[in-house]
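Everything on this sheet refers to the single structure shown next.
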Amino acid sequence: MALLYRLPLLLLLTGIASASMLVPAVVALANESHHDARSFFYSAMVGLIFCALVAFALANRLHNRNAIRQLLALLATFIVLPAVLAVPFYEAVQTTSFLNSYLEMVSSLSTTGMPLFPPERLSMAEHLWRAQVGWMGGLLMWVAAAAILAPLNLGGFEVISLGEPGQDVVAGAARRDTANPASRLARSASILVPTYGLLTLALWVLLLVVGDTPFVALTHAMSIMSTSGISPVGGPQGASSGFAGEAIMAVFLLFALSRMTFSQDTGRRQKAGLFYDPEFRLGLFIVALVPITLFLRHFVAALDIGDQNNLVAAFQAFWGAAFTVLSFLTTNGFVSVDWVNAQAWSGLETPGLILMGLALIGGGVATTAGGVKLLRVFALLINGMREVDRLVHPSSIGRSGLVSRRTRREGAFIAWVFFMIFAITLAATTTAFAAFNIPFEQSLVLAVATLSNCGPLVDIVQTGRLSFIDLAAGPKLVASIAMVMGRLEMLALVVILTPDLWRD
């Protein structure tokens, strides 16, 4: 175990990824898909042997001793590791290019779930590999948030911490940790990996109970926990569990609204409880507000024609909107079976703008969700409310709490800076897609989907008008870069590129 502490983070993750290839190999062998089984098994053996040889060569050198170096290794993971993960997928599919395979693995590892291949084109082992890579990518972000981003006041922690982004301070968003980064990483993994695995197992069993097949239940369980939106049957609409399955998945999607739902290791301890956590409350408020608004929009019109007594249709419409709103707010991207009823009830034929806005907001800090994050939106919200209050009552005094002052002032300022960087990056990404002769509307949807790590947004908003796999190599490379930037966040990339932080 001590030897593992001495190895580079990227090498450790490559070894874990290589070992995980044995799972789809066994599944393919059980289904007598011998080509798939050989593709995954041989890739696993080559990867493990390569990692072992490199590990022996680097055994006498120390690694993972610097938090910034770990952050750089995390960036390298999202760029280099997908190339390793793409090898068995490319060999198994056979009828696609390696670039498409690489893009698929970037999409899965970053929990974006960009729809490239139609479900019927891939085998069971290939679908399992996509969902499995997405699941591992979500777990990686859980552990990295606690062990790498929180100590550096990044990933949203800069809003409530007392230090600046990129600085490892005692009174920051994470509690004081005098251990070296390698030990901190190992301790976070020992706490979060069992939690993540048990929650996935519980969701799998519950989906089995309500009628899903074992394979569909497993892939959906991994997709919900990682918010990747990867499905072999097109999401809940192709599953057998119906309303009961969606209700269960909605409960587990709440883990993507706030880190307080699964861990206290990455932030301040909340004595008041989960429902006093600003992220969780803001997320629930949005999930309730949007469906109620859509529901009332139709109900007021129904009063004129006397159709307001159809309670079953009303409930189906409300639930379809509520589940879909929660799914896109957490950047999962699953669409409810009753979403069609919700669209018909509200009268909105093109709700894409609402879904894009939800994906841009995103979920909680230190969760698997992408987007701007609820904590930053909350900081901007209370800062705006305070400024309005000062206009009305110029002599009023705000809350005296240390965190309250930090969130209203420095936290709100940093949140605004991040929002501006995100907006500029969104504009640049949209321009980059448009440079390849993609229409502006489709370029904007692609930019939002990749930067917010909500790939299913492309299929929902641009149904039948955009086939991502048919695009040229240029837009695919732009999409890969955008997904990595969205997953690691631009503020962390700015910290990596700051020379002063490397002087230690």
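The values are calculated or read from the model by the stated rules, or taken from the named source; none is laboratory data. Everything quoted here is computed from the prediction, not taken from an experiment. For neighbour counting, all protein chains shown are included, and Cβ atoms are generated from backbone atoms with ideal geometry for every residue, glycine included.
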*Just to be sure, is residue 465 surrounded by fewer than 16 Cβ atoms within 10 Å (Cβ to Cβ) and basic (Lys, Arg)?*
yes
*Which one is surrounded by the fewest Cβ atoms within 10 Å (Cβ to Cβ), of the residues in the stretch 218-240 that are of a type in the set (Val, Ile, Thr) and assigned to a loop (DSSP other than H, G, I, E, B)?*
233
*Contacts under 8 angstrom Cβ, first residue in the stretch 29-54 being more than 14 Å from residue 17 (Cα to Cα), partner not hydrophobic (A, V, I, L, M, F, W, C), 6 or more apart*: 31/123; 33/123; 35/94; 36/24; 36/123; 36/126; 39/88; 39/91
*State which residue is modelled with the highest pLDDT when the search covers only the stretch 266-320 and only residues that are more than 30 Å from residue 189 (Cα to Cα) and among the charged types (D, E, K, R).*
297
_Looking only at the stretch 63-72, count every residue that is more than 19 Å from the chain's Cα centre (by Cα), buried (at least 20 other Cβ atoms within 10 Å of the Cβ) and part of a helix (DSSP H, G or I) and tell me the total._
2
*Could you pull out the residue among 473, 492, 435 that is within 24 Å of residue 352 (Cβ to Cβ) and not charged (D, E, K, R)?*
435
*In the list 215, 243, 255, which residue meets the criterion of being surrounded by 21 or more Cβ atoms within 10 Å (Cβ to Cβ), part of a helix (DSSP H, G or I) and aromatic (Phe, Trp, Tyr)?*
255
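Being in a helix (DSSP H, G or I) and of a type in the set (Val, Ile, Thr) is the filter; apply it to the stretch 186-212 and report the residue that is modelled with the lowest pLDDT.
The selected residue is 191.
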_Regarding the stretch 481-488, can at least one residue be identified that is more than 21 Å from the chain's Cα centre (by Cα) and either over 22 Å from residue 327 (Cα atoms) or free of Cβ contacts under 8 Å to residues at least 40 places away in the same chain (or both)?_
no
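Considering each residue of the stretch 16-38, count those that are outside any helix (DSSP H, G or I), at pLDDT 95 or above and surrounded by fewer than 15 Cβ atoms within 10 Å (Cβ to Cβ), and give that number.
Final tally of qualifying residues: 0.
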*Scan the stretch 96-135 residue by residue and report those that are more than 21 Å from residue 472 (Cα to Cα), part of a loop (DSSP other than H, G, I, E, B) and either without any contact (Cβ under 8 Å) to a residue 12 or more places away in the chain or hydrophobic (A, V, I, L, M, F, W, C) (or both).*
122
*Boolean, residue 334 is crowded, with 21+ Cβ neighbours inside 10 Å and either closer than 27 Å to residue 138 by Cβ or modelled with pLDDT of 90 or more (or both)*: yes
